[in-house]
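Scroll down for the structure; my scribbles are underneath it.
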Amino acid sequence: MVLGFSLILLVIILIGGIIWQASRSVQSARAAGHSQTQLHSFGYKQELLRDMGGFSNFAVSFSIISILTGAVTLYGYGFNQGGPGVMGLGWPIVTFFVLFVAAAMAELTSSIPTSGAVYHWAAILGGPTWGWLTAWLNLVGQVTIVAGIDFGCASFTAALLFAQPTKPQTLIVFAIILLSHAVLNHVGIRIIDKLNSISAFYHLIGVLLIIGVLVYFGPKHSVGYIFTTNFSTVTSGSTPYWFAFLLGLLQAQWTLTGYDASAHTSEETLDPQVRAPWGVFLSVAISGIFGYILLALVTMSIKNPLAVAQSGDNAFMTVIQQAVGGTIGQAILWLVTIAMWFCGLSAITSASRIVFAFSRDNGLPFSKLWAKVSPRYHTPAAAIWLVSGIAFLSSLSDNVYAIVTSLSVIGLYSSYFIPIALKIRARLRGAWTAADDGPWNLRKWSMPVNLIACLWIIFLVSLMIISPSTITLTKHLTLHYATGEIFIAVIVLLCLDYYFSARKKFAGPHLGSYEGTSVRLQHKSKARLAKLGLDPK
């Protein structure tokens with residue numbers, strides 16, 4: 001119990017410290033008359049409507065993180081792996097380290113605010129090749145996270161509508177949910193802006209309502225129960241508890257994913273160098289706090305741990321039915337399902353922006369099509385429908401949920417790692433200076449924060465790749481370490497595509513006035529700088 005409370009205290013101290021340091025930096029920049037970097041400095045025409053406020057920008061990431069989605073749909077997975085300890089100890093551990101990643105991402109968002117986000121950061125810091133790889137990894141993560149969110153929503157909806165839903169029934173519900181998200185994203189950013197703001201309030205109020213109901217009906221266990229580390233249904237001679245516990249961290253890690261959405265909507269946000277980075281960081285901080293309170297009370301309300309474990313993907317439903325039951329329990333489950341719907345809506349917004357940004361640089365097959373912007377609604381319409389279609393196709397196989405969620409974590413966090421690591425390289429070479437920082441930065445804390453972020457991502461991706469997962473593709477073909485095998489296959493295909501095709505035709509994003517910055521940050525020769533007509537110093 002002491003360890004648990006110590007972890008909680010560390011998380012609170014870290015959140016407070018980063019907020020304090022970043023606030024000081026923003027205030028100093030304001031006092032110094034810092035001017036915003038305009039989008040035209042990247043050489044792009046402003047096609048997306050810049051109409052999103054600070055709260056709406058935060059709401060996009062907060063809705064994608066959605067503690068009422070990730071923490072709920074993977075509750076059974078986490079509980080089976082490590083029992084209550086995954087909730088009481090695993091959640092604050094993951095939150096602590098993800099805060100470092102979010103802070104590092106927020107700094108880059110402030111320095112380079114563009115819808116390409118991680119893709120543009122990597123291209124500026126490392127060149128077209130790193131930019132291309134980062135964009136593809138981010139795309140893998142973005143599309144699979146849409147699939148995971150909306151398929152989870154469909155599973156919950158089908159279970160509430162039908163007593164024993166069949167696979168076709170679930171897929172029909174899944175298709176309807178994806179269709180609703182695609183249509184709304186197509187129609188316009190103003191509608192999405194309002195729905196995202198509603199979503200943020202809805203999530204906060206929904207979590208508070210569930211907490212209030214569980215407190216009223218009374219937890220069945222003391223606080224110490226959430227720190228219990230003697231329950232697991234997967235441990236054996238070859239799988240010790242500590243390894244099962246680490247695998248159970250996927251529940252928290254998948255939840256705290258997708259917050260780069262605030263960076264991807266920078267081109268649609270007012271004052272993006274300040275508001276977008278706050279959206280990135282605060283979405284993780286607030287989700288981490290409220291998610292922990294929710295999970296603690298849900299876990300303390302368990303009456304029959306074995307029944308919860310045997311429920312699999314419906315474990316959260318079982319807990320609520322055990323704790324509350326009846327009409328109130330059913331109302332809570334519908335409340336959660338609607339929150340998942342909001343989450344999927346925001347996920348398609350974010351994913352379509354990276355497709356749009358990458359396509360306008362000719363980084364995808366048929367790029368001209370995916371880069372089209374609706375003249376009426378000012379949204380990347382083709383990209384929205386592409387993401388929705390691929391998300392549906394990626395969830396057709398049986399037993400893919402844990403694999404899809406793992407792939408989204410691997411893809412997204414690998415794409416986060418590359419620009420953060422390249423920034424560290426530029427700092428160590430002396431190429432990145434204080435002048436390159438945006439108004440939202442951590443000053444002397446920046447380097448240690450970035451280093452810890454990279455170390456956590458390396459550990460996390462390695463863990464997800466070696467995690468045991470099985471998927472049956474045909475009667476004669478079964479993948480036993482499916483997550484790792486699929487990801488390695490994706491990397492091999494990307495390498496082949498780059499060698500035989502992309503390297504010959506992909507020149508990277510338009511950098512505009514960032515061309516000189518890119519050359520300097522990559523530590524290119526003085527001759528190269530002089531050729532561009534730039535000051536070698």
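The values are calculated or read from the model by the stated rules, or taken from the named source; none is laboratory data. What you are looking at is a predicted structure, and each value in this text was computed from that prediction instead of being measured. Heads up, the Cβs are rebuilt from the backbone with ideal geometry, glycines too, and the neighbour counts pull from every protein chain shown. Ligands, DNA and RNA are stripped out before the accessible areas are found, and what is left, the full protein with its side chains, is counted by its heavy atoms. Shrake-Rupley method; radii C 1.70, N 1.55, O 1.52, S 1.80 Å.
For residues that are crowded, with 16+ Cβ neighbours inside 10 Å and in a helix (DSSP H, G or I), tally how many sit in the range 217-233.
So the count comes out to 3.
Can you name every residue in the range 196-216 that is among the hydrophobic types (A, V, I, L, M, F, W, C), open to solvent by 60 Å² or more (accessible area, probe 1.4 Å) and over 11 Å from Leu294 (Cα atoms)?
Answer for the range 196-216, where residues must be among the hydrophobic types (A, V, I, L, M, F, W, C), open to solvent by 60 Å² or more (accessible area, probe 1.4 Å) and over 11 Å from Leu294 (Cα atoms): Ile198, Phe201, Ile205.
What's the total number of residues in the range 309-330 that are crowded, with 17+ Cβ neighbours inside 10 Å and either under 22 Å from Ala154 (Cβ atoms) or of a type in the set (Asp, Glu) (or both)?
Of the residues in that region, 11 qualify.
What residue, of Ser110, Ser66, is buried (at least 24 other Cβ atoms within 10 Å of the Cβ), in contact with a Phe, Trp or Tyr (Cβ under 8 Å, 6 or more places away or on another chain), under 13 Å from Asp260 (Cα atoms) and not aromatic (Phe, Trp, Tyr)?
Ser110
Please work out if Leu386 is of a type outside the set (S, T, N, Q) and free of Cβ contacts under 8 Å to residues at least 60 places away in the same chain.
Judged against the criteria, Leu386 is a match.
Filter the range 154-172 down to residues that are closer than 15 Å to Leu396 by Cα and not in a loop (DSSP other than H, G, I, E, B), then give me how many there are.
8
Which residue pairs have Cβ atoms closer than 7 Å, lie 6 or more positions apart in sequence or on different chains, and pair a first residue in the range 164-190 that is more than 17 Å from Gly389 (Cα to Cα) and touching a residue at least 40 places away in the same chain (Cβ under 8 Å) with a second residue that is buried (at least 21 other Cβ atoms within 10 Å of the Cβ) and among the acidic types (Asp, Glu)?
Taking only residues 6 or more apart or on different chains, the pairs are Ile189/Glu268.
Could you count how many residues in the range 409-468 are free of Cβ contacts under 8 Å to residues at least 12 places away in the same chain, farther than 22 Å from Thr134 by Cα and small (Gly, Ala, Ser)?
Final tally of qualifying residues: 3.
Would it be correct to say that Arg360 is buried (at least 23 other Cβ atoms within 10 Å of the Cβ), among the charged types (D, E, K, R) and within 22 Å of the chain's Cα centre (by Cα)?
When the stated conditions are applied, Arg360 does not pass them.
Could you tell me how many of the residues in the range 234-276 are without any contact (Cβ under 8 Å) to a residue 40 or more places away in the chain and part of a helix (DSSP H, G or I)?
Looking only at that region, the number is 2.
Any residue at all in the range 130-138 that is surrounded by fewer than 24 Cβ atoms within 10 Å (Cβ to Cβ), touching a Ser or Thr at 6+ places or on another chain (Cβ under 9 Å) and under 26 Å from Trp385 (Cβ atoms)?
Within the range 130-138 (the criterion being surrounded by fewer than 24 Cβ atoms within 10 Å (Cβ to Cβ), touching a Ser or Thr at 6+ places or on another chain (Cβ under 9 Å) and under 26 Å from Trp385 (Cβ atoms)), the answer is yes, since at least one residue qualifies.
Every residue, every condition in (1) closer than 16 Å to Leu214 by Cα; (2) assigned to a helix (DSSP H, G or I), yes or no:
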site: Trp278; (1), (2): no, yes
site: Ser283; (1), (2): no, yes
site: Ser287; (1), (2): no, yes
site: Leu297; (1), (2): yes, yes
site: Ile302; (1), (2): yes, no
site: Ala307; (1), (2): no, yes
site: Gln321; (1), (2): yes, yes
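Among the numbered criteria (1) open to solvent by 20 Å² or more (accessible area, probe 1.4 Å); (2) under 21 Å from Val140 (Cβ atoms); (3) not basic (Lys, Arg), which one does Ser395 miss?
Going through the list (1) open to solvent by 20 Å² or more (accessible area, probe 1.4 Å); (2) under 21 Å from Val140 (Cβ atoms); (3) not basic (Lys, Arg), Ser395 breaks only (1).
Does the range 118-143 hold any residues that are at pLDDT below 90 and over 19 Å from Pro365 (Cβ atoms), and which are they?
Correct list: His120 only.
Please list, ordered by first then second residue, the pairs with beta carbon atoms under 6 Å, 6 or more apart or interchain, first in the range 355-383 and under 17 Å from His264 (Cα atoms) and free of Cβ contacts under 8 Å to residues at least 24 places away in the same chain, second of a type outside the set (D, E, K, R) and in a loop (DSSP other than H, G, I, E, B).
Trp370/Leu364
Just to be sure before I move on: is Asp271 more than 18 Å from the chain's Cα centre (by Cα) and either over 15 Å from Ser346 (Cβ atoms) or acidic (Asp, Glu) (or both) in the structure I sent?
So Asp271 passes the test.
Taking the condition open to solvent by less than 10 Å² (accessible area, probe 1.4 Å) and touching a Pro at 6+ places or on another chain (Cβ under 9 Å), does Leu125 pass?
yes
Can you tell me which residue is surrounded by the fewest Cβ atoms within 10 Å (Cβ to Cβ) among those in the range 139-162 that are of a type in the set (Phe, Trp, Tyr) and touching a residue at least 60 places away in the same chain (Cβ under 8 Å)?
Phe156
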